[in-house]
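**Student:** Got a structure here, written out as structure tokens. Questions coming.
Just so it is clear, none of the values below were taken in a lab; they were calculated from the coordinates. Model, not experiment: these values are computed from the prediction. Reconstructed Cβ throughout: ideal geometry from the backbone, glycine too, with neighbour counts over all protein chains shown.
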Amino acid sequence: MTGKIQNRALSGQVALVTGAGRRIGREIALTLGRAGAAVIVNYNRSRNEALSTVKEIKACGSPAVEIRADVARPAQIRRMFGAVEKRFGRLDLLVNNAGIFFPVRWDQLEEEHWDRVLGVNLKGPFFCAQEAARLMKRRKHGQIINISSLGGLQAWPDYIHYCSSKAGLIMLTRCLAKALAPEIRVNSIAPGTILLPDERKSAMVKSVIRNTPLQKAGRAEDIARMVLHLACNGDFITGQIFPVDGGKSIL
């Protein structure tokens, strides 16, 4: 979907999406831009993809800018939010989407694996939220949405480091919701199996789909629409976790 849309419910608002050059983050950024928000597209290594995302948001009629920052490094986070304040003077929505996901057997997990995953998946969202909250509290308004995972609710033995980081992000969501209320709302969306079109053909994926109550995998758009719903309609919602997983969390 390209071009302007009729319902620009977020017109005049400013949103920052981490890890927004690719996959789910890209779709979230595009969806917010189509809804009228000015969007900061954060990236670390995916510069070309981030530039493409910015170009598409601008084609929708919304302002957009790309900012490089490794969210595992608080100094880079501070610089990013300083640039946001200088450019826009406000922030209404932070989507902590950046994440790392890779399998390692329990007996082969090393310190560097833990440091990489916790740095991006848990430490990064906290320091992004800390900087965002400082901007939001000046206007006594704002919302933070953390993209966690079904892996934060279920035990996946080959992803102990990842599951632990996402379970931590879920608890961080609840703690921040209390700490930042009543001005700032904090919620989390926990995606299940989300696939791009070219990822739907493997035997493993087909097995996952068969074992999902709705018998299908999710799309990046499913997560983006949930972000948009909370951004537009979540005035009485905070501290909540929303699985978007085809029902897999109930198994």
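**Student:** For helix 74-88, what angle does its Cα long axis make with the longest principal axis of the chain, in degrees from 0 to 90 and rounded to 10?
**Tutor:** Once rounded, one gets 40 degrees.
**Student:** Something else now. Would you please name the trypsin sites (Lys or Arg not before Pro) within the stretch 82-114 that are DSSP coil residues with at most 12 other C-beta atoms within 10 Å of their C-beta? Provide the component values of the computation, followed by the final result.
**Tutor:** Details: sites: Lys86, Arg87, Arg90, Arg105; in loops: Arg90, Arg105.
Here the sparse-neighbourhood loop sites are Arg105.
**Student:** Magnitude of the Cβ-charge dipole of the chain, K/R +1 and D/E -1, about the Cα centre, nearest 20 debye? Don't skip to the answer; put the middle values down first.
**Tutor:** On the way: 37 positive and 21 negative charges, 156 e Å.
Roughly 740 debye for the chain.
**Student:** Would you work out which of Leu228, Ile189, Gln130 lies farthest towards the positive end of the dipole of the chain, given +1 charges on the beta-carbon of Lys and Arg and -1 on that of Asp and Glu, about the Cα centre?
**Tutor:** Value computed over the given set: Leu228.
**Student:** Continuing with the same structure: Net charge near Met80, counting Lys/Arg +1 and Asp/Glu -1 over other residues with Cβ under 9 Å of its Cβ? Don't skip to the answer; put the middle values down first.
**Tutor:** On the way: positive: Arg68, Arg78, Arg79; negative: Glu131.
Here the charged neighbours net out to +2.
**Student:** Over the Cα atoms of the stretch 119-251, Rg to Rh with Kirkwood Rh, two decimal places? Could the numbers behind the result be given before it?
**Tutor:** On the way: Rg = 15.8 Å, Rh = 15.7 Å.
Taking Rh as the inverse mean 1/r over Cα pairs, Rg/Rh reads 1.01.
**Student:** Next question, about the same structure. What whole number of Å gives the distance from the Cα centroid of the stretch 131-168 to the Cα centroid of the stretch 1-64?
**Tutor:** So the two Cα centres are separated by 20 Å.
**Student:** In the chain, what is the count of Lys pairs whose alpha carbons are under 16 Å apart, counting only pairs at least 8 residues apart or on separate chains?
**Tutor:** Lysine pairs meeting both conditions in the chain amount to 9.
**Student:** Could you tell me which trypsin sites (Lys or Arg not before Pro) in the stretch 1-76 are loop residues by DSSP with no more than 14 other beta carbons within 10 angstrom of their beta carbon? If you can, show how the numbers build up before the last one.
**Tutor:** Details: sites: Lys4, Arg8, Arg22, Arg23, Arg26, Arg34, Arg45, Arg47, Lys55, Lys58, Arg68; in loops: Lys4, Arg8, Arg22, Arg45.
Sites meeting the loop and neighbour criteria: Lys4, Arg45.
**Student:** How many nm separate the modelled label positions at Arg73 and Val208, each set 7 Å beyond the Cα in the direction of the Cβ?
**Tutor:** Spacing of the two 7 Å Cα→Cβ label points: 3.1 nm.
**Student:** Among residues other than Arg116 whose Cβ falls under 13 Å from its Cβ, what is the net charge (Lys/Arg +1, Asp/Glu -1)? It would help to have the intermediate numbers written out before the result.
**Tutor:** Working: positive: Arg73, Lys123; negative: Asp70, Glu110, Glu111, Glu112, Asp115.
Neighbourhood net charge equals -3.
**Student:** If each DSSP helix of 4+ residues adds -39,500 (n - 2.57) and the sum is divided by the residues in the chain, what number results at 222 nm, nearest 500 deg cm²/dmol? Write out the running numbers ahead of the final one.
**Tutor:** On the way: 8 runs with 107 residues, N = 251.
It lands at -13500 deg cm²/dmol.
**Student:** Same structure again: Take the stretch 1-86, compute every pairwise Cα distance, and split them into 10 Å bins from 0; I just need the percent in each bin.
**Tutor:** The percentages, shortest bin first, are 21, 52, 24, 3.
**Student:** With only alpha-carbon atoms counted, please give the Rg and Dmax of the stretch 11-50, in Å.
**Tutor:** For the stretch 11-50, the Cα radius of gyration and maximum Cα-Cα distance read 9.5, 29 Å.
**Student:** Okay, moving on. Cβ under 15 Å from Ala129's Cβ, Ala129 left aside: what net charge do those residues give with Lys, Arg +1 and Asp, Glu -1? Walk me through the numbers on the way to the answer.
**Tutor:** Details: positive: Arg78, Lys123, Arg134, Lys137, Arg174, Lys178, Arg185; negative: Asp92, Glu131, Glu183.
Computed value for this residue: +4.
**Student:** Between Thr53, Thr238, Thr193, which gets the highest mean-square fluctuation from a Gaussian network model of the chain, Cα cutoff 10 Å?
**Tutor:** The residue that fluctuates most here is Thr193.
**Student:** Additional query: Output the 0 to 90 degree angle, nearest 10, between the alpha-carbon long axis of helix 160-180 and the longest principal axis computed from the alpha carbons of the chain.
**Tutor:** Result, in degrees: 40.
**Student:** Among Ile24, Ile144, Cys60, whose Cα lies farthest out toward the positive end of the dipole of the stretch 15-166, if unit charges sit on the beta carbon of Lys, Arg (+1) and Asp, Glu (-1)?
**Tutor:** Cys60
**Student:** A further question on this structure: Which number comes out as Rg/Rh for the chain once both Rg and the Kirkwood Rh are worked out on C-alpha atoms? Don't skip to the answer; put the middle values down first.
**Tutor:** Working: Rg = 17.3 Å, Rh = 18.2 Å.
Rg/Rh: 0.95.
**Student:** Might you report the magnitude of the Cβ-based charge dipole of the stretch 149-208 about its Cα centre, with Lys and Arg at +1 and Asp and Glu at -1, to the nearest 20 debye?
**Tutor:** On the way: 7 positive and 4 negative charges, 28 e Å.
It works out to roughly 140 debye.
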